[in-house]
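In what follows, a single structure is set out as structure tokens and then discussed.
The values are calculated or read from the model by the stated rules, or taken from the named source; none is laboratory data. All figures in this text were calculated on a predicted structure; none of them were measured in a lab. Note that we place each Cβ from the backbone using ideal geometry, even for glycine, and neighbour counts take in every protein chain shown. What goes into the accessible areas is simple: the full protein's heavy atoms, side chains included, and nothing from ligands, DNA or RNA. Shrake-Rupley method; radii C 1.70, N 1.55, O 1.52, S 1.80 Å.
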Amino acid sequence: MRTLFLIILLLHGSIHMVGVVKAFRPATVSELSQTISRPLGVLWLFTALLFFAALTAYYMKAERWPQITIAAVIMSQFLITLNWGDAKYGTILNFVIIAISIPAYGKMEFNNATLKEGSGLFENAEIENLKVHRPADFVSLPPAVQKWIKRSGSAVTSEIVTLRLKQQGKMRTKPDGSWMPFSAEQYFNVQDPGFVWTTRVQPMPLIYLHGRDQLKNGQGKMLIKLLSLFKVVDEKSNDRINSGTMIRYLSEICWFPSAAAKEYLHWEQIGKHTAQATIRVGDQKVSGTFSFSETGDFQSFEALRYRGGGKDAKQEPWLVEALDYREFNGTRIPSNCRVTWKLPDGDFTWLHLEITHLEYNVKHPYHSSETELSPTETYI
């Protein structure tokens, strides 16, 4: 498909060169009935060069290729309209090109916003001269939590201030719905609890959803766009979203266990292998229950969470379960998880995820060149 798009750009640019020849050597192109003046011939040349520039930018995977392509299509359609009788079929090529370029532009803008928010999340984080944890740093925690910290390896690693990770997996929106593949990137600030999570979901061929969840200063945001252009969900700064994103952050400390000793967390042992954690940010707080195995591995997290951010959203039991484990940077974490709503009419498992990459104490988000799908590969 990528090669086909390159051919379309080359073909359309070459067709516009015919208009240039018609303007300056009319007898050479007798098949075109309409006259093209020399000033318009210059515009035909400029448009052809725009298509060739778009082709080059697309081939080189330059970030700004959609803008160049869209500008070329606008100029092309203007010229086609002036010479409709001879050039009207060029509209078909313009439609194909614009149908690819506009969603790609939307994705670029969506990604740039995510990079900006991720960079802002890391902006004030101090990752130099970090202390190395010792088991004594965790003695005030419940025994089950201490055992988890030791099992994970976090009792003897450097303090974790920031992290970034990649995920892949599948999700669905209703119990009988089809599973949709997704890929995601996530950034955390552990000093000032917050995260940015961005995902790309494919519900069907050629149709994509891009979503972003965010927690900063205790305020949550949830944004979902169809083809990165059309808002499907845009919830922010209400108690339900704030609570939900804080619960999500609390559950995800299983990926950076040393955060258990942070001052914004309070723990209570409620069983031999269970402990309740409460996170407080500003005047807001939420709680959830962590369960651990006999050997100290994280097994699950459960809390009451609002299912959605609308006014009619209700709190339902929300369960995260570990399915497998993997070591990243010396820390053993649950690398495969499933997430389930425990609803009155039965369990609804809606998410399976796998962590494919994780780094601690970095100060920059993933660049597009580091992602599994670059902007130029997403739509074609």
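Might you let me know whether the range 320-341 holds any residue that is acidic (D, E) and either farther than 27 Å from E359 by Cα or over 24 Å from the mean Cα position of the chain (by Cα) (or both)?
So in the range 320-341, the residues acidic (D, E) come out as 321, 324, 327.
Those left that are additionally either farther than 27 Å from E359 by Cα or over 24 Å from the mean Cα position of the chain (by Cα) (or both): none.
Within the range 320-341 (the criterion being acidic (D, E) and either farther than 27 Å from E359 by Cα or over 24 Å from the mean Cα position of the chain (by Cα) (or both)), the answer is no, since none of the residues qualifies.
Tell me, which residue of the range 273-290 that is modelled with pLDDT under 95 and part of a loop (DSSP other than H, G, I, E, B) is surrounded by the most Cβ atoms within 10 Å (Cβ to Cβ)?
That would be G282.
Just to confirm my filter: which strands (runs of 3 or more DSSP E) fall fully inside the range 127-213 and include at least 1 residues that are closer than 16 Å to S258 by Cβ?
Working: elements: 162-171, 180-189, 194-204.
It comes to 162-171, 180-189.
Restricting to the range 254-272, name every residue that is assigned to a loop (DSSP other than H, G, I, E, B) and within 16 Å of N189 (Cβ to Cβ). Even if it seems obvious, please write down each step before you answer.
So in the range 254-272, the residues assigned to a loop (DSSP other than H, G, I, E, B) come out as 256, 262-264, 272.
Correct list: F256, K262, E263, Y264.
Let me confirm something: among I207, I224, which residue is touching a His at 6+ places or on another chain (Cβ under 8 Å), over 25 Å from S335 (Cβ atoms) and either at pLDDT 90 or above or not charged (D, E, K, R) (or both)? First the steps, then the outcome.
On the way: I207 fails: touching a His at 6+ places or on another chain (Cβ under 8 Å).
From the options I207, I224, the qualifying one is I224.
Within the range 291-311, is there a residue that is surrounded by fewer than 17 Cβ atoms within 10 Å (Cβ to Cβ), in contact with a His (Cβ under 9 Å, 6 or more places away or on another chain) and charged (D, E, K, R)?
Among the residues of the range 291-311, at least one is surrounded by fewer than 17 Cβ atoms within 10 Å (Cβ to Cβ), in contact with a His (Cβ under 9 Å, 6 or more places away or on another chain) and charged (D, E, K, R), which makes the answer yes.
Exactly one of these conditions fails for K231: (1) surrounded by 19 or more Cβ atoms within 10 Å (Cβ to Cβ); (2) of a type in the set (D, E, K, R); (3) part of a strand (DSSP E or B). Give me its number.
Failed condition: (1).
Out of A54, A23, A71, A104, which single residue is open to solvent by 30 Å² or more (accessible area, probe 1.4 Å) and either among the small types (G, A, S) or not in a helix (DSSP H, G or I) (or both)? I'd like the intermediate steps shown before the answer.
Values: A54 fails: open to solvent by 30 Å² or more (accessible area, probe 1.4 Å); A23 fails: open to solvent by 30 Å² or more (accessible area, probe 1.4 Å); A104 fails: open to solvent by 30 Å² or more (accessible area, probe 1.4 Å).
So the residue among A54, A23, A71, A104 that is open to solvent by 30 Å² or more (accessible area, probe 1.4 Å) and either among the small types (G, A, S) or not in a helix (DSSP H, G or I) (or both) is A71.
From the list L45, L9, exactly one residue is surrounded by fewer than 18 Cβ atoms within 10 Å (Cβ to Cβ), assigned to a helix (DSSP H, G or I) and either out of contact with any helix residue (DSSP H, G or I) (no Cβ under 9 Å at 6 or more places or on another chain) or in contact (Cβ under 8 Å) with a residue 24 or more places away in the chain (or both). Which is it?
Working: L9 fails: surrounded by fewer than 18 Cβ atoms within 10 Å (Cβ to Cβ).
After applying the criteria, what remains is L45.
Just to be sure before I move on: is K221 surrounded by fewer than 18 Cβ atoms within 10 Å (Cβ to Cβ) and of a type outside the set (F, W, Y) in the structure I sent?
On the way: surrounded by fewer than 18 Cβ atoms within 10 Å (Cβ to Cβ): no; of a type outside the set (F, W, Y): yes.
No; evaluated as a whole, the condition is false for this residue.
Taking the stated definitions as given, is L93 assigned to a helix (DSSP H, G or I) and open to solvent by 60 Å² or more (accessible area, probe 1.4 Å)?
Values: assigned to a helix (DSSP H, G or I): yes; open to solvent by 60 Å² or more (accessible area, probe 1.4 Å): no.
Against the criterion (assigned to a helix (DSSP H, G or I) and open to solvent by 60 Å² or more (accessible area, probe 1.4 Å)), L93 does not qualify.
Does L250 satisfy being within 25 Å of E235 (Cβ to Cβ), crowded, with 18+ Cβ neighbours inside 10 Å and of a type outside the set (V, I, T)? Before you say what the answer is, go through the steps one by one.
Numbers: within 25 Å of E235 (Cβ to Cβ): yes; crowded, with 18+ Cβ neighbours inside 10 Å: yes; of a type outside the set (V, I, T): yes.
Yes, satisfied.
Would you tally the residues in the range 138-193 being polar (S, T, N, Q), crowded, with 19+ Cβ neighbours inside 10 Å and within 27 Å of K342 (Cβ to Cβ)?
3
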